1. Sort Trp434, Trp426 so the one with the fewest other Cβ atoms within 10 Å of its own Cβ comes first.
2. Just want to confirm a number: the relative contact order over the chain, from Cα pairs under 8 angstrom separated by 6+ residues, in percent.
3. Where does helix 134-146 land angle-wise versus the long Cα axis of the chain, in degrees 0 to 90, nearest 10?
4. Mind checking the dipole of region 36-235: about its Cα centre, +1 per Lys or Arg Cβ, -1 per Asp or Glu Cβ, Debye to the nearest 20?
5. Go through region 267-350 and name the trypsin sites (Lys or Arg not before Pro) that are in a DSSP coil and have 13 or fewer other Cβ atoms within 10 Å of their Cβ.
6. Could you please tell me the mean projected area of the C-alpha convex hull for the chain, averaged over all directions and given in square nanometres to one decimal?
7. Quick check: the distance between the Cα centres of region 322-377 and region 398-471, to the nearest angstrom?
8. List the equivalent ellipsoid semi-axes of region 36-235 in whole Å, largest first, each obtained as the square root of 5λ for an eigenvalue λ of the Cα gyration tensor.
Amino acid sequence: MKDLSVDPASQAVRGTLTETAEISWLISHQNVAPPTGVKVCVIGGGFVGLVTATGLAQAGHSVTCVEKDKQKAADLAAGKVAIFEQGLSELLQANLQRDRLTFTTDLAGSVSGQDMIVISVGTPSTDDGQADLSAFTEVIRDLARSLRSGQVVTIKSTVPVCTALFASQLLNEGRNGQGPIPVVSNPEFLREGTAVYDFFHPRRIVVGGNDPIAVEKVVQVYRAGLSRPAPIVVTSNETAEMIKYASNVYLAMRIAYINELSAVCDALDIEVADVSSAMGLDPRIGPDYLDVGPGFGGSCLPKDLNAFVAGAQRVGVNLAIAPAVREANERQLDRVAEKVRAIVGGDLKDMRIGVLGLSFKAQTQDMRDSPSMAVVLRLLAHGATVQAFDPAAMEEARRLLPQVRLCATAAEAGAGADAIVILTEWPEFQLLDWAGIGRLMRSARLVDSRNLLSPEILRRHGFEYIGMGQK
Ligand SMILES: NC(=O)c1ccc[n+]([C@@H]2O[C@H](COP(=O)([O-])OP(=O)(O)OC[C@H]3O[C@@H](n4cnc5c(N)ncnc54)[C@H](O)[C@@H]3O)[C@@H](O)[C@H]2O)c1
C-alpha cells in the first residue's frame, strides 16, 4: 500500500480546499448574474486580462477582450486556454456560449460604444530594472485616436507612480473642446493559482482617480462581480499606483525574511516552522507569506521590486531595504543549490539530479522568473545533469530549459538520480510513492526546498533528507 508522506504541519495546501469548493460552485451554478448592460473592453488577453475579462463577463457585463497575439486571440475565441488556472477554462467557455465574452485582435474597431476600457498589457522589466511601458504606451496612443467623451480608461497593469497622469495627458492632448477622457488606476492583486477565486473574493479593490463619476463607474463594475463585500479603497491615481508596488515589495520582503531566518535556524538547529507559526499568531504579523522556499519569483514580485528601486532612485531616494531583499533572494537560490551539492558529497559534476517542480509556485504553469528555474540553472552550471517533472509547466519548460531532460512523471525524474530536489510546492508531491521512488534512484537523497514532506517518513523510507531550517 502507498504510504502518504504528508506532514500534517505542512502549510503547502493551506486555503486550497475552500477555494476549490468555491470555484466548483461557481462553475456548476447555472443561475448566473443577470446582464448589467455595461460594456467593457479589456486590452491584453494575458494572465490578468483573461481572468478579468472572464470574471467581468461572469458578473453580467458584456466583455470584448482585445489580444494582440493573433494565435492567442483565435485560441481564446475557440475556448482554448493555454494557462493552468483553476476554473478559468470552464468559466471562459460558459461566457463564450452566453455571448457575453468575445475575443478580437482589432483594438480600434472594438473601442467604440464601450463604457469602460481596462488596460492589462504586460509591464516587464527593462535591462536597467525599470517598468517597460512600451506596450502600455502603444495602447494609450491607439486609444487616443478612438475614444469618445463618456468612456472611462482603467489601468490594471502594474505601472510606476505618475503613469496615469502621463496616460491622461497623452489621451487628452488635442481633444479640441471634446470632454476629457478620465483615467482611473485600478491595480490588480490576484494571485496566480487562485486567480478566479480572487476575482470574486478580493481582499480589497483599489480605485484611484480624480473624476468622482468615473471612479464610481469603475467601482460599480467590480461590485457586480463580488461574491462577498470587499473593502473598496478610493484614492488618487498616484496613491493607487504606489499601493501596488508597496504591497508587492512588502510581500517579497516577508519571503526573503523567512528564508533568511531559515538559514539561521539551520545553523542553530531550530525548526523554522515552529518559529514562523508562532510569529504568525501575532495579529501584527499574521500567518501568510511565512513559508520557506527557494526564493520569490513569478511575473510580479521580482520585476515590481526592480521597478520600485528604479523609481525611488529617479526621485532621489536611495533605498536600503528593497535592494537588500533582492540580494537576500539571490542568496536563498544559492543556498538551495548548495544543499543539493552538499547532499551528493560536495561535487555536482556528472551527478544526475531529479527536479520536482518548475513553475514559480504550485497551481500554475507559469515559469516567468521562476526560482525553480534559477536553481536548475545553478545546478547545470555546477556540471549536473538535470531531469525534471512538473505537473503543469512541461510545455513552458520545453521552451525555457532545453538543456533539461523532461520526464513524464515524478518517478521518472527520480529514476537513476543521485538526488532529488523539490522546488515547487505542488501538493501532489506529498502523495507520491516515495518508498518506490527511492528504490529507482541511484542514491535515495532528497533536498526539500519547500519543507513539503515529512522528514521522519522520508528517512523511514531510507532517504537522506535535507529541508530548510529544520532540526
Ligand atoms: N500575473 C499576475 O499574477 C499579475 C498580478 C497582478 C498584476 N499583474 C500586472 O498585470 C499586467 C499584465 O500581466 P500579465 O501577467 O497578464 O501579462 P501577460 O504578459 O501574461 O499578458 C499581457 C498580454 O497583453 C498582450 N498585449 C500586449 N500589447 C497589446 C496590445 N497593444 N493590444 C492588445 N494586447 C496586447 C500580450 O500579447 C499579452 O497576451 C502587468 O502589468 C502585471 O505586472 C500581473
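Only the coordinates and a few stated rules stand behind these numbers; no lab work does. Since the structure is predicted, the reported quantities are computational estimates derived from the model, not experimental observations. Every residue, glycine as well, gets a Cβ built from its backbone with ideal geometry; the counts of neighbours run over all protein chains shown.
1. Fewest-to-most ranking of Trp434, Trp426: Trp426, Trp434.
2. This gives 15 percent for the chain.
3. Result, in degrees: 20.
4. About 560 debye.
5. On the way: sites: Arg284, Lys303, Arg314, Arg326, Arg331, Arg335, Lys339, Arg341, Lys349; in loops: Arg284, Lys349.
Sites meeting the loop and neighbour criteria: Arg284, Lys349.
6. The number I arrive at for the chain is 23.2 nm².
7. Cα centroid of region 322-377 versus Cα centroid of region 398-471: 14 Å apart.
8. Semi-axis lengths for region 36-235 are 24, 19, 18 Å.
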